[in-house]
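Enquirer: My structure is below; once you've seen it, I'll send some questions.
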């Protein structure tokens, strides 16, 4: 999956060109800032579902339904903000070439819809993770990576605006993958059937838990995508392309560690629910050590031989990409 991700980045850069690749990176980054909320809520939903499973509680469907209701209303808010403030900012403030404004607006619309689809699917994904069905999670993730590889081939063949085609195809893949997660969850977990409920106390607990996650994930998202927007305002899309390459490398390395932590986190929460605190500490300390060393295996050679690796990988290396990759990995 990491190899597929890196290969598709290379082909898309060569196909779209530095300018369009930079446009997609900064606009996709603008929409990704909304993941500040979704990331916090995902962690909260997964935590509460896993906790209920660990306690063998009969409130699992209540947590699931409440979470899905929250996600639905949040997606509407995101679409409203994106279609008003986001549209104004793109067309009035961002440093986009005049002849690419139409394509940039298409990219914004597709990115907003993709985010809304992903947001509504959060409780289904959390249910799969909470039940530790990692094999299904792996198969669907591999299928998603293969589809994105297919997108690259279709973009190469397209005679239309390649940036627009790329944005639309990514939206369609997102919809398909979210349907797969939803169908799998409904067929395998009886508690993943939605019923409208309003539990004020539970809603408050989920919101409070998400608020603490908001601090950490907020700093990370603003560090990546907020800086992208500032760079666009002052330096233009070429520099966005360089930082986009750095972000792709960083995401590939972090995804490897993230998949390891996905398997570990449910065990930590379930052990906490069962009040086995000594085992909780063991899992946390070992998880932290293994995560660090797994990342170090990739970071050291990538930082030492950045220029050679980027030239071999990308063919076209955007200006400033090398120092961006090195400092992003160190961070």
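Enquirer: What's the extension gain from residue 55 to residue 187 if we count 0.36 nm per residue and subtract their Cα-Cα distance?
Expert: Numbers: separation 132, 0.36 × 132 = 47.52 nm, distance 2.27 nm.
45.2 nm is the gain from fully extending residue 55 to residue 187.
Enquirer: Sticking with this structure for a sec: Under a crude label model (7 Å from the Cα following the beta-carbon direction), how far is residue 238 from residue 276 in nanometres?
Expert: Roughly 5.8 nm, to one decimal.
Enquirer: Taking only Cα atoms, what is the 0 to 90° angle, nearest 10, from helix 237-273's long axis to the longest principal axis of the chain?
Expert: 10 degrees
Enquirer: Compute the label zone of residue 261 within the stretch 293-331: residues whose backbone N is under 19 Å from the point 7 Å along Cα-to-Cβ.
Expert: 293-300, 328-331
Enquirer: Any idea how far apart residue 154 and residue 208 come out in nm if each label point goes 7 Å out from Cα toward Cβ?
Expert: Each label point is offset 7 Å from its Cα along the Cβ direction, giving 4.6 nm.
Enquirer: What order do you get for 82-93, 257-268, 193-204 when each peptide is scored by the mean count of other beta carbon atoms within 10 Å, highest first?
Expert: Details: 82-93: 13.8, 257-268: 16.2, 193-204: 11.8.
Most protected by this proxy first, the peptides run 257-268, 82-93, 193-204.
Enquirer: Which ordering of 59, 225 is given by a fewest-first count of other beta-carbon atoms within 10 Å?
Expert: Working: 59 15, 225 22.
Ascending number of Cβ neighbours within 10 Å: 59, 225.
Enquirer: Once the Cα atoms of helix 200-221 and of the chain are each reduced to a long axis, what angle between those two axes, in degrees from 0 to 90 to the nearest 10, is obtained?
Expert: Helix 200-221 sits roughly 30 degrees off the main axis of the chain.
Enquirer: Using mean Cβ contacts within 10 Å as the protection proxy, how do 301-312, 228-239 order, highest first?
Expert: Working: 301-312: 14.1, 228-239: 18.2.
Ranked from most to least packed, the peptides come out as 228-239, 301-312.
Enquirer: Based on the alpha carbons, how large is the Rg to Rh ratio for the stretch 114-256 when Rh follows Kirkwood? Walk me through the numbers before you get to the answer.
Expert: On the way: Rg = 18.6 Å, Rh = 18.3 Å.
Answer for the stretch 114-256: 1.02.
Enquirer: What is the helix-to-structure angle for 35-54, meaning the angle in degrees between its Cα long axis and the longest Cα principal axis of the chain, kept from 0 to 90 and rounded to the nearest 10?
Expert: Tilt relative to the chain: about 30 degrees.
Enquirer: Under a point spin-label approximation (7 Å from Cα along Cα-to-Cβ), what is the residue 138-residue 296 distance to one decimal in nm?
Expert: Roughly 2.6 nm, to one decimal.
Enquirer: Let me ask you something else. In percent, what relative contact order does the chain have, based on Cα pairs under 8 Å that are 6 or more apart in sequence?
Expert: Details: 380 pairs, mean separation 109.6, N = 331.
So the answer I get is 33 percent.
Enquirer: Continuing with this model, one more query. Mean projection of the alpha-carbon convex hull of the stretch 216-295 over all orientations, in nm²?
Expert: Values: hull surface 24.6 nm².
With every direction weighted equally, the projected area is 6.2 nm².
Enquirer: Applying a 10 Å radius around every beta-carbon, put 118-124, 154-160, 132-138 in order of their mean neighbour count, most first.
Expert: Details: 118-124: 23.6, 154-160: 11.4, 132-138: 14.4.
Result, highest mean first: 118-124, 132-138, 154-160.
Enquirer: Using Cα-only point scatterers and the Debye equation, what is log10 of I(q)/I(0) for the chain at each q in 0.08 Å⁻¹, rounded to two decimals?
Expert: Log10 I(q)/I(0), no solvent term: -0.40.
No value in this document is a laboratory result; all are computed from the given coordinates. The structure presented is a predicted model; accordingly, all values stated were derived computationally and were not measured. Here the Cβ is made from the backbone with ideal geometry for all residues, glycine too, and neighbour counts use every protein chain on show.
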